[in-house]
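Visitor: The structure under discussion is supplied below as structure tokens; questions concerning it will follow.
The values are calculated or read from the model by the stated rules, or taken from the named source; none is laboratory data. Keep in mind the model is a prediction, meaning the values are calculated, not measured. Neighbour counts run over all protein chains shown; Cβ positions are idealised from the backbone, glycine included. What goes into the accessible areas is simple: the full protein's heavy atoms, side chains included, and nothing from ligands, DNA or RNA. Shrake-Rupley method; radii C 1.70, N 1.55, O 1.52, S 1.80 Å.
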Amino acid sequence: MAIKNQRLTGILLAIATLLLIPFIAMQFTNEVNWTLSDFVVAGVLLFGTGLLIELVLRTVTTAKHRIALCAVILVALLLIWIELAVGIFGSPIAGS
């Protein structure tokens, strides 16, 4: 049980570290201009992805299936992130 809780702590620390990157960049340049809602959306996406991967790691027993499911989750995160950033699909969530 302790290892599983350490993974959750690691997920939270990784999310905080990733969100610190644009926050620190905003202090030095005007090129990075995130609002509070940007940080909230990014945090929710990263946290949801981390929790889904943790769920897969806890429940799926076959290594091949774990890798495949984690890859699908990460590809979905990447596609959603790209859509929110630049709107490659032109969906309403990208502001089109």
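Visitor: Do we find that residue 61 is loosely packed, with under 10 Cβ neighbours inside 10 Å and either at pLDDT 90 or above or in contact with a strand residue (DSSP E or B) (Cβ under 7 Å, 6 or more places away or on another chain) (or both) in this structure? Write out each step before concluding.
Guide: On the way: loosely packed, with under 10 Cβ neighbours inside 10 Å: yes; either at pLDDT 90 or above or in contact with a strand residue (DSSP E or B) (Cβ under 7 Å, 6 or more places away or on another chain) (or both): yes.
Yes: the conditions hold for residue 61.
Visitor: Also, quick follow-up: Count, please, the residues in the stretch 1-31 that happen to be in contact with a Phe, Trp or Tyr (Cβ under 9 Å, 6 or more places away or on another chain) and among the β-branched types (Val, Ile, Thr).
Guide: Residues meeting the conditions: 2.
Visitor: Name the pairs whose Cβ atoms lie under 9 Å apart, with the first residue in the stretch 26-38 and closer than 18 Å to residue 15 by Cβ and modelled with pLDDT of 95 or more, the second open to solvent by less than 70 Å² (accessible area, probe 1.4 Å) and not β-branched (Val, Ile, Thr), and 6 or more positions between them or separate chains?
Guide: Qualifying pairs under 9 Å: none.
Visitor: Pairs under 6 Å by beta carbon, first residue under 13 Å from residue 49 (Cα atoms) in the stretch 4-19, partner modelled with pLDDT of 90 or more and not polar (S, T, N, Q), six or more apart or different chains?
Guide: Partner pairs satisfying both residue conditions: 11/50; 15/46; 15/47.
Visitor: Regarding residue 23, is this residue in contact (Cβ under 8 Å) with a residue 12 or more places away in the chain, of a type outside the set (Gly, Ala, Ser) and open to solvent by 90 Å² or more (accessible area, probe 1.4 Å)?
Guide: Working: in contact (Cβ under 8 Å) with a residue 12 or more places away in the chain: yes; of a type outside the set (Gly, Ala, Ser): yes; open to solvent by 90 Å² or more (accessible area, probe 1.4 Å): yes.
Here the answer is yes, as residue 23 does meet what is asked.
Visitor: Kindly provide the set of residues from the stretch 26-40 that are of a type in the set (A, V, I, L, M) and open to solvent by less than 70 Å² (accessible area, probe 1.4 Å), ordered by number. First the steps, then the outcome.
Guide: Of the stretch 26-40, the ones of a type in the set (A, V, I, L, M) are 26, 32, 36, 40.
Answer for the stretch 26-40, where residues must be of a type in the set (A, V, I, L, M) and open to solvent by less than 70 Å² (accessible area, probe 1.4 Å): 26, 32.
Visitor: Let me ask you something else. Pick from 46, 74: which is under 10 Å from the mean Cα position of the chain (by Cα), at pLDDT 95 or above and surrounded by 14 or more Cβ atoms within 10 Å (Cβ to Cβ)? So that I can check it myself, show each step before the final result.
Guide: Numbers: 74 fails: surrounded by 14 or more Cβ atoms within 10 Å (Cβ to Cβ).
Exactly one residue qualifies, and that residue is 46.
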